[in-house]
Amino acid sequence: PNCMGYLLRELLKHKVVEAKLFAESLIPLPSPSGEKERLEAIVAAHMLMAHTEDAGWSVVWPAIQQDARFGQDVISRVSYEFARHADSIGQKLTEEQVGNLYLWIVHQYPYAEDPKYEGFHSVGSREMIADFRNSLLRHLKERGTNQACEAIRRIADKLPESKLVKETLLEAQDIARRKTWFPPQPDDILKMARSQKVRLVQNGDQLLDV
């Protein structure tokens, strides 16, 4: 199965449609019980998440939701590849999907159980998963959209005890305001200065106000 994964990686990078369909066919519901078939499904899910434009989400996510152990094995592999760069996965998903994945990982790997080390140490699988989980939340914040803010607000409702999520929501709202603000042009300001009857209209809401 791991050799199959290396071949799938190259085919999916070249956007070979048949390879994507083949990988998806290896992830049935419920998850396979045989050792070889189960490992093939885990490898296929990893490759789909990492190397397809939609992360194979319509197939991978239901399998993760239905079988927590299967999901843990998949996320462990994905985290090993993208521990601090979850945006490589997140950018393929909607804000709601990123939020759902983050919540699932928090449920499976709570912050309270994160390993704590001092000084130099070998980074293990659990620490990589924590890094991937945290990177997902940062990615959501940095998208700077109202949808991202709504997704983080929903996370905050699910995790009311999390100070980190509340702080992240405030930062996300600030980023969203900056990215969605369109400053008036100098010519517009001069026109308004010349006449009190002139109004600046940049969107439908401002037009209704006028």
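The values are calculated or read from the model by the stated rules, or taken from the named source; none is laboratory data. Just so you know, these numbers come straight off a predicted model, no measurement behind them. As a convention, Cβ positions derive from the backbone with ideal geometry for all residues, glycine included, and neighbour counts pool all protein chains shown. Side chains are part of the model used for accessible areas, which takes the heavy atoms of the whole protein and leaves out ligands, DNA and RNA. Shrake-Rupley method; radii C 1.70, N 1.55, O 1.52, S 1.80 Å.
List of remarks:
- Taking the criterion of being at pLDDT below 95 and of a type in the set (Asp, Glu), the residues of the range 59-98 that qualify are Glu81, Asp87.
- Sole residue being of a type in the set (D, E, K, R), open to solvent by 40 Å² or more (accessible area, probe 1.4 Å) and touching a residue at least 24 places away in the same chain (Cβ under 8 Å), chosen from Lys163, Lys92: Lys92
- Output for the range 169-186, where each listed residue is open to solvent by less than 80 Å² (accessible area, probe 1.4 Å) and either out of contact with any Gly (no Cβ under 6 Å at 6 or more places or on another chain) or of a type outside the set (Gly, Ala, Ser) (or both): Leu169, Ala172, Gln173, Asp174, Ile175, Thr180, Pro183, Pro184
- Residues that are in a loop (DSSP other than H, G, I, E, B) and more than 23 Å from the chain's Cα centre (by Cα), drawn from the range 16-28: Val16, Leu26, Pro28
- For Glu53, the conditions (1) surrounded by fewer than 14 Cβ atoms within 10 Å (Cβ to Cβ); (2) more than 15 Å from the chain's Cα centre (by Cα) all hold with the exception of (2).
- Across the range 95-152, the qualifying residues are those that are of a type in the set (Gly, Ala, Ser) and more than 13 Å from the chain's Cα centre (by Cα), and the one among them that is surrounded by the fewest Cβ atoms within 10 Å (Cβ to Cβ) is Gly119.
- Members of the range 83-107 found to be part of a helix (DSSP H, G or I), of a type in the set (D, E, K, R) and farther than 15 Å from Cys149 by Cα, listed by number: Asp87
- Single match in Ser122, Ser135 (criterion: out of contact with any Ser or Thr (no Cβ under 7 Å at 6 or more places or on another chain) and not in a helix (DSSP H, G or I)): Ser122
- Restricting attention to the range 1-35, the residues that are in contact (Cβ under 8 Å) with a residue 12 or more places away in the chain and within 17 Å of Asp67 (Cα to Cα) add up to 7.
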